[in-house]
1. Give me the net charge of Asp47's neighbourhood, meaning all other residues with Cβ under 13 Å from the Cβ of Asp47; Lys, Arg count +1, Asp, Glu -1.
2. For the chain, calculate the relative contact order in percent as a whole number, restricting contacts to Cα pairs under 8 Å that are 6 or more residues apart.
3. When the dipole is taken about the Cα centre of the chain, and only Lys, Arg (+1) and Asp, Glu (-1) are charged at their Cβ, what size is it in debye, to the nearest 20?
4. When a footprinting reagent is the concern and you count Cβ atoms within 10 Å, what order do Phe26, Phe42, Phe61 take, fewest first?
5. Given H placed 1.01 Å from N in the peptide plane, which residues other than close sequence neighbours of Gln44 have an amide H under 5 Å from its amide H?
6. Looking at Ala14, Trp25, Phe55, which one has the Cα that reaches farthest to the positive end of the dipole of the chain (charges on Cβ: Lys, Arg +1; Asp, Glu -1)?
7. Specify which labelled value, from [x] 15, 44, 34, 6; [y] 22, 52, 23, 3; [z] 15, 49, 29, 6, 1, agrees with P(r) over Cα pairs in 10 Å bins from 0, in percent derived from the coordinates of the model shown.
8. For n ≥ 4 DSSP H runs only, could you compute -39500 (n - 2.57) per run for the chain, divide by its residues and tell me the 222 nm figure to the nearest 500?
Amino acid sequence: MTAPHIGWIDEQHASGELAELYRKWFDHNPGRPEIPGILKCFSQRPDFLADVMSFSYRLHFSEGHLTRRIKEMIATYVSALNQCPY
């Protein structure tokens, strides 16, 4: 895996608001070993990361026309097509 081009803050170095956001993410994603890079790229701006996470939960993980299960299946398929780890 290549190093990120965006200087993000890893879980073990997070403090304050960022550490709390990471904790909430782990609470919503039990069993996951680390925060995905697609979220860590916002770690320098915890206020913006909070907005991204809130939007993501409303968009991806709420019930609507498609169930969460179907949304997860679509996301998994698209990630596989893109050879993306998340």
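Read the figures in this text as sums done on the coordinates, not as results from a lab. All figures in this text were calculated on a predicted structure; none of them were measured in a lab. Quick reminder, even Gly has a Cβ in these numbers, built from the backbone with ideal geometry, and neighbours come from all protein chains shown.
1. Taking every Cβ under 13 Å from that of Asp47, the sum is -2.
2. Relative CO of the chain lands at 24 percent.
3. Charge dipole of the chain: 280 debye, to the nearest 20.
4. Phe61, Phe26, Phe42
5. Ile9
6. Going by the charge dipole, the pick is Phe55.
7. This structure yields the entry labelled [x].
8. Using -39500 (n - 2.57) per qualifying helix, the result is -16500 deg cm²/dmol.
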